[in-house]
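Presented below is the structure to which this report refers.
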């Protein structure tokens, strides 16, 4: 493979990642979504949690990734199927996680809220469901 073709191939592979890091629409299709929990655990949690494995890259506190949390049942004012898309970052060694931006979308595709302002870093509670999500990103271990 020539150097030109190698650079072109790398640019094509990195284009979606660069767009995501620049604050693109978090609901954009594509990626490689991984369902982290079995349906019975999702019912207990009240939400289905998926991570876009294709979006995991260096950035933010250490690694950034795209996550989608879908409500399994209606909760408060949000109907079943409401999805929170988020771009999060994690410091795997330091045990900190931060929400970089988020977008809340109703089941019919209407945006219910969003923010592009990064939150404050929080300590990871490794023994909770969010800690299991972060562990997947840090180590590639699916918590089932």
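Read-outs throughout are calculated quantities, based only on the coordinates presented, and are distinct from any laboratory measurement. Just so you know, these numbers come straight off a predicted model, no measurement behind them.
Taking 0.36 nm per residue of sequence separation and subtracting the Cα-Cα distance, how much length would be gained by fully extending the chain between residue 127 and residue 35, in nm to one decimal?
The residue 127-residue 35 span can extend by a further 31.3 nm.
Taking 0.36 nm per residue of sequence separation and subtracting the Cα-Cα distance, how much length would be gained by fully extending the chain between residue 72 and residue 111, in nm to one decimal?
Going from the current span to full extension adds 12.2 nm.
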